[in-house]
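This report concerns only the one structure given below.
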Amino acid sequence: MKQNHSLILRNRPVAAAAVADHLRHALRHLCLLAMGFWLLALPPAQAATTAWQGGGTDMNWSTDANWTNGAPTPTTDVYFEGTGATNSPATPNNVVSTNAVIQSLSLFNETVGTYHTTLINPGVTLTVSNVASSGNVLVGGDDVLAAKVITNYFQGSSGASLVVLATNMSMTVRQQQGSGTKNYALDMSGLDNFTAYMTRIYVAGDGGTRPAGTLLLAKTNLLVLWTTNDVGLKVGYTTGSGMTQGSLVSLGVTNAMFCDYGIGIGLLREGGTGGAILNFNPLTAVGGSAYFRNWAGTGPQSYWLIGDGSSGGYSGNAALGTVDFSLGTIDAQVSQLVVGRNQNSGTGLAAAGAQGHLTLAAGTLGVNTAIIGYAMQNYGPAAIGVVNVDGTAQMFVTNSMQLGRFTAAVTTNGASSAVLNIGTLSSNGSVTVTGNITTTTNANNSGSSSEIHLHNGGSLSVQGSVGPLSVFDLASSTLTFDFGSSPIPVGAVCTVGSLQTAAPLTLNLLGSGLLVGQFPLIQYQTLSGNGGDDFSTVNWPSLIEGYLSNNLANSSIDLVITNVLNSGGPAFSAFGLAGDRNFQMSGTGAVNQPYRILATTNVADPLSRWIEVDSGTFAGSVFSFTDLSSTNYPQRFYRVVTP
């Protein structure tokens, strides 16, 4: 029997709720967990060990004969190894028939084709509690095992739950080292509830040599991860080269994850087949939901790192990460989103960089800063980042989006790319960026590409500049530029190499400070389509009149503002004495509309007795006037009128 006195725990389920009620239910669970800690934090005792052997007349955990050292107690380390395993996958061979508390749970069977399947009876909770120790909560062994695929199961319906309370410990699911096909899988998809209150969860993510792991979560999952120096859920992080297998975490129907540092999927050298993947279980969780917040439940997680090799140098292996939420709905807040960032190295081949993919189909993702397709150093391996937003999904970027950072490269480094797809996989989808969408180019890298594809009812809104893009592809979609209170921009709002347009397109223009004039909205090098003419609908800001112009001589679609109306008529906006004591004033009115300034010494005089002291035309919707004779009067009143 293997023993690990640093402690080895296992899995545990829980119950959450519906998406809109995630936070309320999660807080309720936190209260229950706190009570559980008080009840279960017993004075440390010498841990006993017992291993399943299945020698009793039934399969119950409470039967002493089923264990090598009797039925487990709250201070027992529990092991499932080769003895007592069955040859039938997903067929229960041990049953938690009543509520039970143990100190650790380790699944170490190493014979291919044998399985342990733990059935938790309806309404029963198996609790793994250790609040005193530190180390790993290990699911799967840390042995050097060549070419082995091992799967174990947890099952249970009608409120069956697995709960892990281990504030200083981590959970690890993986098959370590070896060559060929290998994987350790823990399948909890047949279990109702799983609750984890611990430091972090590693699925082939503990930095070992060529690990591979699979974790299929329960139907309802509450993950409260306490880590203060690393992402809470790390899937696919290896320090060794020669990866052949990928790793996977599949969410259940209802999921809530509270963690300050967030998630990392496909890090450093995770270059196995398919890389590392986080998704909704396609067999059991279609239409599921997932809620992501910081540990307190009040704000964003720090990082989502997807296909990020930046923590190490070039090794010959790529960092491959995919987060595919296309089968469910998410509600997530993240400070920094990284999708596709290569190794921190100045050497490398095309296949050894980083590839990150993020797909959203429903719900909202709020991000402070988004980084997509980011190359760390000159002449490093390629960095590829792709973000897909479709369906009813909404992505909000409150600061800025770095859509490609391309450093100097040669052909053997491979071509880096940064791609934002909206509405291209199915239809619709919305992205709002309250800031700039920026691409950093390099004269010694002509092969890399930053692209935005906006199709099939998709919507992109930007409050800032865009580019320089390689490709801007718009078809049957909506583009919004929000100028805020800024006047006419200096230079093009969007710059692009290849502009592709296909009607019908809608252009929304927002802004309160725009003035009469003409400026390039989108400047391009090549145009496919009819450019501005493909925008069949243009919605202008209130009181702004104008049109779009295909400025072929400038290779641009220009915004031409012909009039800025003043809904309240002409008005004074400022006045006072100049340095020479003469009275001066300024104000606003409708663009190009004539005006007159009238004056009198008696405000009660009828309009016919007011005299005209100035006249003109509102240029750019403003006017100014200094009355050089004002010092000749003890008092004088003014009004601005339009003929």
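Only protein atoms count toward the accessible area here, which uses a 1.4 Å probe; on segment 509-641, the carbon and sulfur part of that area reaches 49 percent. Extension gain, residue 444-residue 603: 0.36 nm per intervening residue step, less the Cα-Cα distance, totals 50.1 nm.
For the Cα trace of segment 493-625, dividing Rg by the Kirkwood Rh returns an Rg/Rh value of 1.18.
Here the relative contact order of segment 445-574, from alpha carbon pairs under 8 Å that lie six or more residues apart, stands at 20 percent. Shown here are the Rg and Dmax of the Cα trace of segment 164-256, at 13.3, 38 Å. Once the Cβ-Cβ distance of residue 626 and residue 550 is raised to the sixth power relative to R0 = 41 Å, the FRET efficiency obtained is 0.45.
With charges set only on the Cβ (+1 for Lys and Arg, -1 for Asp and Glu), what does the dipole of the chain come to about its Cα centre, in debye to the nearest 20? Numbers along the way, then the final one.
Working: 21 positive and 30 negative charges, 127 e Å.
About 620 debye.
A Förster distance of 51 Å, applied to the separation of the beta-carbon atoms of residue 62 and residue 347, puts the FRET efficiency at 0.25.
Average accessible surface for the chain: 37 Å² per residue, computed with a 1.4 Å probe over protein heavy atoms with every protein chain in place.
Projecting label points 7 angstrom from Cα along Cα→Cβ for residue 53 and residue 642 puts them 9.8 nm apart. Mean separation of Cα pairs under 8 Å and 6 or more residues apart, divided by the residue count, gives segment 362-480 a relative contact order of 25 percent.
How much of the pair distance distribution for the chain lies past 33 Å, counting alpha-carbon pairs only, in percent?
The proportion of pairs with Cα distances above 33 Å equals 56 percent.
Packing-based ranking of 532-540, 122-130, 507-515, 219-227 yields 219-227, 122-130, 507-515, 532-540, ordered from highest to lowest mean Cβ neighbour count within 10 Å. Between residue 99 and residue 536, the simple spin-label model (points 7 angstrom out along Cα→Cβ) gives 6.4 nm. On segment 399-479, 44 percent of the accessible area sits on carbon and sulfur atoms, based on a 1.4 Å probe. Normalising the average separation of contacting C-alpha pairs (under 8 angstrom, six or more residues apart) by the number of residues puts the relative contact order of the chain at 6 percent. Structural size metrics of segment 392-499, computed from C-alpha coordinates, are Rg and Dmax of 14.4, 47 Å. Rounded to the nearest 10 degrees, the inclination of helix 22-40 to the longest alpha-carbon principal axis of the chain is 40 degrees. Place a point 7 Å from the Cα of residue 577 along the Cα-to-Cβ direction; which residues of segment 593-633 have their backbone N under 17 Å from it? Only 626-633 pass the distance filter. DSSP bridge analysis restricted to the chain gives an antiparallel fraction near 20%, rounded to the nearest 5.
Given R0 = 35 Å, the distance between the Cβ atoms of residue 427 and residue 543 translates into a calculated FRET efficiency of 0.55.
Dividing the helix sum by the residues of the chain, where each DSSP H run of 4 or more adds -39500 (n - 2.57), gives a mean residue ellipticity at 222 nm of -1000 deg cm²/dmol.
The values are calculated or read from the model by the stated rules, or taken from the named source; none is laboratory data. This is a predicted model, so every value here is computed, not measured. Here Cβ is always computed from backbone atoms with ideal geometry, including for glycine, and neighbour counts include all displayed protein chains. Keep in mind that these areas ignore ligands, DNA and RNA; they rest on the heavy atoms of the full protein, side chains included. Shrake-Rupley method; radii C 1.70, N 1.55, O 1.52, S 1.80 Å.
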